[in-house]
1. Residues with beta-carbon under 13 Å from that of VAL275, excluding VAL275: net charge, scoring Lys, Arg +1 and Asp, Glu -1?
2. For THR199, THR139, THR101, what ranking results if the residue with the fewest other Cβ atoms within 10 Å of its Cβ goes first?
3. So which of LYS273/LYS315; LYS64/LYS273; LYS64/LYS315; LYS64/LYS399 end up more than 25 Å apart, counting from Cα to Cα?
4. Quickly work out the GLU380-to-ARG132 label distance, labels modelled 7 Å from Cα along the C-beta direction, and quote it in nm with one decimal.
5. Sort region 305-365 into rounded, prolate or oblate with this rule: let a ≥ b ≥ c be the square roots of the eigenvalues of the Cα gyration tensor; rounded if a/c is under 1.5, and if a/c is not under 1.5, prolate when a/b is larger than b/c, oblate otherwise.
6. What does the net charge come to around GLN75 if you take all other residues with beta carbon closer than 13 Å to its beta carbon, with K and R at +1 and D and E at -1?
7. For ARG354 and ASN164, compute 0.36 nm times the residue count separating them, minus their Cα-Cα distance, and round to one decimal in nm.
8. Taking H as built 1.01 Å from N, whose amide H comes closer than 5 Å to the amide H of VAL172, not counting residues under 5 places away?
Amino acid sequence: MAALSLDPQPLGLDRYSLELPSDDADLSLGKAQAGGFSLGEALPGFPDRYSGARVWTGSEMALKQHEWVSILSDQDRAHIQAALRHFQSLHLGPDSISPETFPLPQDLSRRLRELSGDCYNGRGFGILRGLRAITGAYTDEEQILVFAGVSSHVARERGFQDVNREVVICHVVSEDMRPGAKEQDLRPAFTNGRLSFHTDLGDILALYAMDVSDTGGETMIVSSSQIYNELAQIRPDLLQELAKNWAFFHSQDYETDGSPLITNVPGDNDNDKLVFQYSRLPVTGFRNTGANSSLPTPTPTRLEAMALVEVLAWKHALALPRESGDIAFINNLCLMHGRTPFDLDAAGNPLPSRRHLAKLMLRDPERTWDLPETLGWYAERVYGPNREDGRREETWLMKVGADKEGRPDGNIWAGAGGHSNG
């Protein structure tokens, strides 16, 4: 079992930091602390273990890249360029992008729809590759239009990413080298550091690699069902802890009545769906910010649960390939994501970096899961109207630093876990 420490890590990641075990460490050492539980005991309302395509390990999935990377052809890229020019000829704002205003041939649109099926009903993710040529030929603004247009065929609804419920596109870049950054409370995503595993707010996390880092910076994903299955075997008592109410982030406040971190969505033919919404940031803090003072002090059991979730996540994680022009589509309900550190010098200090991800939070109304009541608030908040008269108005940040809103300022639900539990 990983050791739990109150001392910061070298990168200053967490208040409650982890010493990650070696590959041959025995993660079952904590099972004697399982109290009255027996190994494999089912949590009420949950299956003994999950099965199916959403259960996988990174080592297994790395051998199947041909199954989850969809490669665009030259003809596909020509059709995408034609769709972009068609949209531009309409003289509409980016909030009007849809499959109708960004039309693609039926076969290409069908293949993109299959990516949605992979996210909701399959392994939980997929990568679209082949836009590298586009990244060099188009302006930043045109790349964002292409990203949004192609993504609209995967899942047509876009979610808000800021606490004011206006911004739908987020640029994930490092701010570590900007003057004054050390004095600013940067969100973890906007640094060169490692990100602990977490979930954001939304159904499908879409990440478009506009540029990549020289070293590191891999987006890591992990099957939450795989973590559940291993916890059920070695520490079912910690599963019970995760099923209790934890505080959650709603608007700009933490609701201490909370909701469980894990919930089960019953399915047909024993195809239950695990929803695991989680972030450790409010409890652990980040760099010098410390834990959120408005939250109760975490119990040792709660800290132990977070520690083991982090250990198992890194143990079973898959590193997504880093290639400029890739779009990764990730089911945020059933997969967690993190990141390796990138572009650091020998002493661990940040270096200038070209890494630039554009981010959308998508939802496919035809495939979205029937979420339990405890999570019902989030769908309306992320995807519902944001005006009193029932309208929905979107703000698009077409490039980094275009105005004061173009820079991360702590009001973006990104990079630290939008669903910020504590």
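1. Counting the neighbours of VAL275, the net charge comes to -2.
2. THR139, THR101, THR199
3. Among LYS273/LYS315; LYS64/LYS273; LYS64/LYS315; LYS64/LYS399, the Cα-Cα distance tops 25 Å for LYS64/LYS399.
4. Here the modelled spin labels are 4.7 nm apart.
5. Oblate, since a/c reaches 1.5 and b/c is not below a/b.
6. Residues near GLN75 contribute -1 overall.
7. 65.5 nm
8. It is LEU357, ALA358, LYS359, by chain and number.
The numbers here are math on the coordinates, done by the rules we state, and not lab data. None of these values were measured; they are calculated from a predicted model. Here Cβ is always computed from backbone atoms with ideal geometry, including for glycine, and neighbour counts include all displayed protein chains.
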